[in-house]
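Let me begin by presenting the structure, written as C-alpha cells, before commenting on it.
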Amino acid sequence: MIDFKNTDFKGHKVIMRVDFNVPLSASFIVTDDTRIRAAIPTIKKILLDGGSVVLMSHLGRPKGGYETKFSLKHILSTLESLLEGPVIKFADDCISVDAYKLSSELKEGEVLLLENLRFYPEEEKGDPSFAKKLSIHGDIYINDAFGTAHREHASTATIARYFNSEHKGFGYLMSAEVENATKLLNDAKKPVTAIVGGAKVSDKIQLLEKLIDTMDNILIGGGMAYTFIAAQGGKIGKSLFEPEYTELALKILSKANANNTKIYLPVDSVIADNFSAEANHKIVSSNDIPGQWMGLDIGPEAIMLYSNVIKSSKTILWNGPMGVFEFDKFSTGTFSIANAVAEATDEGAFSLIGGGDSVSAINKSGLENRVSYVSTGGGAMLEFLEGKVLPGIKAIQD
Ligand code: AMP
C-alpha cells in the first residue's frame, strides 16, 4: 500500500474515491461543505506534486438511473472555490466514452469530477466489471472516503483489486480517521471514558459490548438510557423504550460489572409532556417519570456527575447526543457534555467525537476546535469502533 504522504504523484493520474455526499438545499446549493472540505488536502497534495485527479463519489440515494436532484454537478462551484484555482472538468456519466476522453486528456494539475456513481446500480452491488471500468480512469487508486468505507461497493472496495499494492492507498482523511480510531482502541491512556447516547439501544448494542472490553467508564445518555432504567425496574413513563432489549441491557450491565467497567445511567432527567420544542418540562429522578411524561435530556445532577468523570479522563470517545438537542429546552445535557469534553481536552486528554449526531452537536456548540478529532464517518466510525473490518480499508491493505 502506498505511503500517501511520501509518494510523489508527478505524472500520475489518480482515480480517487471521495465522499461528496453533502446536503443540498431545494435550489441545489450545498448547505454543509464539511465532507468536500475534508478531501481538499489530499487532492491538493496530488496536484501540487504535478499529478492529476479523477474524483468519484455518490450523492444521495438515486433509484438506479439519472436523477437531476442527485447530480454531482450541483457541488462543482463549491469544489471549485475550496480548491482555489485548478481547472475542474465534469463528466456527466462516470463510464461513458466522453468520460474516458476527458480523463485521458487530463493534464498535470487538472481535476475531473465524474457524475454520481449510484446512477449505476452496479456501484452498490460491488460489480467487478463496473469497478474495472472505473479503474481505467487512473493509474493509481486512492480512497479518501471514510464515510463509505463500511460499504463493499464497486468504487470503495472492488476497484482496489485492479491495482497492485504500489498503486493504491489511503488519502490524508482516511489515514487520519484510521489512526485516531486505532489510537482510541489500542493505545489509550487511562482512564478511558466512552459517552454513548442517541435514540436507540438497538443501534448501539454492538458498540457497548465492544467498549466494555476497553473502557474504564461508560456514560449512557439519550433515549437509550431509558431501556436500561426500565430493565432495572425504574418507572420511565412514555420515554423511548425497547422492551425486547431489556434482557440484553441487563446482560451488558452485569458483563461491565465483571469487567470492572463502570456504567453510569443518568440519575435525573429533563422530562416533557409531549415530544416537541414547546413541551412543558421539569426535572425528576430518572427512575420515577410520571406516566404521560418522557425523558428528553439528562438532568443537572447527571450533568455534574458525567462532567466530573469526563474531566478526570485521559481518553474520551463520544458517540451520540445526551438528549433531543435539536430542541433548545432539551439541549443542555448535550452541550454541557460537549463543554466538559473540550475542557478535558484543554487539560491534555485525547478526545474523539465519532458518529452522526454527536458530530453535529459538537459543531453546533462551536467547540469542534477544542476536541482532538471529529470523525467524518458516522456509520463507518461506529463499525470501526465495534471492531468490524471495513471493506474499504481491507481492500487497500490486501
Ligand atoms: P443517534 O443517531 O442514534 O445518535 O440518535 C440521535 C437522535 O437521538 C437525535 O436526533 C436525538 O434527538 C435523539 N434522542 C436523543 N435523546 C433522546 C431521547 N431522550 N428521546 C428521544 N430521542 C432522543
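Taking amide H positions as modeled 1.01 Å from N, with prolines and chain starts lacking one, the residues under 5 Å from K168 and 5 or more places away or on another chain are I2, Y141. So how far, in whole Å, is the C-alpha centre of the stretch 1-77 from the one of the stretch 196-269? A separation of 38 Å, based on Cα centres.
Please give the direction-averaged projected area of the C-alpha convex hull for the stretch 76-150, in square nanometres with one decimal. Show your work: numbers first, answer last.
Values: hull surface 22.6 nm².
For the stretch 76-150, the mean projected area of the Cα convex hull comes to 5.7 nm².
Neighbour counts of C-beta atoms inside 10 Å place H74, H137 in the sequence H74, H137, starting with the fewest.
Magnitude of the Cβ-charge dipole of the stretch 188-385, K/R +1 and D/E -1, about the Cα centre, nearest 20 debye? All intermediate terms of the calculation are to be shown ahead of the outcome.
Working: 16 positive and 21 negative charges, 86 e Å.
Value, rounded to 20: 420 debye.
Each residue of the stretch 318-334 was assigned a 3J(HN,Hα) from its phi angle through the Karplus expression (A = 6.51, B = -1.76, C = 1.60, θ = phi - 60°), giving 10, 9, x, x, 7, x, 7, 6, 5, 9, 3, 4, 10, 9, 4, x, 4 Hz with x at Gly and Pro.
Near L219, the amide H atoms lying under 5 Å from its own belong to A194, I195, V196, Y264; only residues 5 or more places off or on other chains count, and H is placed 1.01 Å from N.
Could you state the per residue volume, in Å³, of the convex hull enclosing the Cα atoms of the stretch 126-258?
Values: hull volume 19.9 nm³, N = 133.
With only Cα atoms used, the stretch 126-258 gives 150 Å³ per residue.
For the stretch 342-382, GluC sites (Glu not before Pro) are listed when DSSP marks them as loop and at most 13 other Cβ atoms sit within 10 Å of their Cβ; the list is E347.
Per-residue Karplus couplings for the stretch 368-385, computed as 6.51 cos²θ - 1.76 cosθ + 1.60 with θ equal to phi - 60°, are listed in order as 4, 8, 10, 10, 6, 8, 10, 6, 9, x, x, x, 5, 5, 4, 5, 4, 5 Hz, Gly and Pro entered as x.
Applying Stokes-Einstein at 25 °C and 0.890 mPa s to the Kirkwood radius of the chain, computed over alpha-carbon pairs, gives a translational diffusion coefficient of 110 µm² s⁻¹.
The Kirkwood radius of the stretch 4-175, taken over pairs of alpha-carbon atoms, gives through the Stokes-Einstein law at 4 °C and 1.567 mPa s a diffusion coefficient of 83 µm² s⁻¹.
Can you tell me what percent of all Cα-Cα pairs in the stretch 237-314 are more than 20 Å apart? Kindly include the intermediate steps, with their values, before the conclusion.
On the way: 1390 of 3003 pairs.
The proportion of pairs with Cα distances above 20 Å equals 46 percent.
Determine the sum of side-chain charges near L367: Lys and Arg each +1, Asp and Glu each -1, restricted to other residues whose C-beta is under 14 angstrom from that of L367. The answer is -1. Put simply, the amide H of V270, placed in the peptide plane, has neighbours under 5 Å in L296, D297, I298, G299, leaving out anything fewer than 5 places away on its chain.
In order along the stretch 243-257, the phi-based Karplus estimate (6.51 cos²θ - 1.76 cosθ + 1.60, θ = phi - 60°) of 3J(HN,Hα) comes to x, 5, 9, 5, 5, 5, 4, 5, 4, 4, 4, 6, 5, 4, 4 Hz; Gly and Pro are listed as x. Note on the stretch 188-385: Rg/Rh from Cα positions, Kirkwood definition for Rh, rounded to two decimals, is 0.94.
Once you keep just the Cα pairs under 8 angstrom separated by 6 or more residues, what percentage relative contact order results for the stretch 4-175?
Details: 342 pairs, mean separation 48.6, N = 172.
Normalised by residue count, the contact order of the stretch 4-175 is 28 percent.
Sequence-distant contacts, meaning Cα pairs under 8 Å at least 6 residues apart, place the relative contact order of the chain at 15 percent.
Every read-out reported here was derived from the displayed coordinates using simple, explicitly stated rules and does not represent laboratory data. None of these values were measured; they are calculated from a predicted model. Every residue, glycine as well, gets a Cβ built from its backbone with ideal geometry; the counts of neighbours run over all protein chains shown.
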